[in-house]
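**Q** Here it is, the structure in full.
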Amino acid sequence: MFIRQDLSQIRKDIQDCIGTRVKLKTNKGRRKTVINEGILEDAYPSVFVVKVKNSFENSFRRVSYSYTDILTQTVELSFYNDSENKVN
């Protein structure tokens, strides 16, 4: 999970973790949160992309978030430790 006050540091940390499994906790407002798991697919200058498996179908979708979402804690990222398959 990233708790930082520097947007450039958040961007660098996410770029270093491309290709890893992540757990997303997204705040949708009015006490609604959505938890998804996926793979951190790519990072661009303003946004990053996570590949998430659809719950209804056997397919994937790509969801993008801005680095500001992490800074404002609208989105929380947790990374899986591959050897233990647990969230760090």
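Where a number appears in this text, it was derived from the coordinates with a stated rule and is not lab data. Fair warning: this is a prediction, and the values are worked out from it, not measured in the lab. Cβ coordinates were reconstructed from backbone atoms using ideal geometry, including for glycine residues, and neighbour counts include every protein chain displayed.
**Q** May I ask you to compute the full-extension gain from THR33 to ARG21, defined as 0.36 nm times their residue separation minus their alpha-carbon distance, rounded to one decimal in nm?
**A** Contour length minus Cα-Cα distance gives 2.4 nm.
**Q** Also, I was wondering about something else. List nothing, just return the count: lysine pairs in the chain, 8 or more apart or interchain, with Cα separation under 15 Å.
**A** Numbers: LYS23/LYS51; LYS23/LYS53; LYS23/LYS86; LYS25/LYS51; LYS25/LYS53.
Lysine pairs meeting the criterion: 5.
**Q** While we're here: When a footprinting reagent is the concern and you count Cβ atoms within 10 Å, what order do ILE14, ILE39 take, fewest first? Let's see the in-between values first.
**A** Working: ILE14 19, ILE39 16.
Ordered by Cβ neighbours within 10 Å, fewest first: ILE39, ILE14.
**Q** Rounded if a/c is under 1.5, else prolate if a/b is larger than b/c, else oblate: which is the chain, with a ≥ b ≥ c the root eigenvalues of its Cα gyration tensor? Please report the intermediate quantities before stating the final value.
**A** Numbers: a/c = 1.44, a/b = 1.18, b/c = 1.22.
Rounded, since a/c falls under 1.5.
**Q** Between ASN54 and GLN5, what's the calculated FRET efficiency when r is the beta-carbon distance and R0 is 41 Å? Round to 0.05.
**A** On the way: r = 35 Å, r/R0 = 0.84.
That gives a FRET efficiency of 0.75.
**Q** Now for a different question. Stretched out fully, how many nm does the piece from SER46 to ARG62 gain, at 0.36 nm a residue minus the Cα gap? Walk me through the intermediate numbers first.
**A** Details: separation 16, 0.36 × 16 = 5.76 nm, distance 1.58 nm.
Answer, rounded to one decimal: 4.2 nm.
**Q** With a cap of 14 neighbouring Cβ atoms within 10 Å, and only residues DSSP puts in a loop, list the chymotrypsin sites (Phe, Trp or Tyr not before Pro) found in the stretch 1-70.
**A** PHE56
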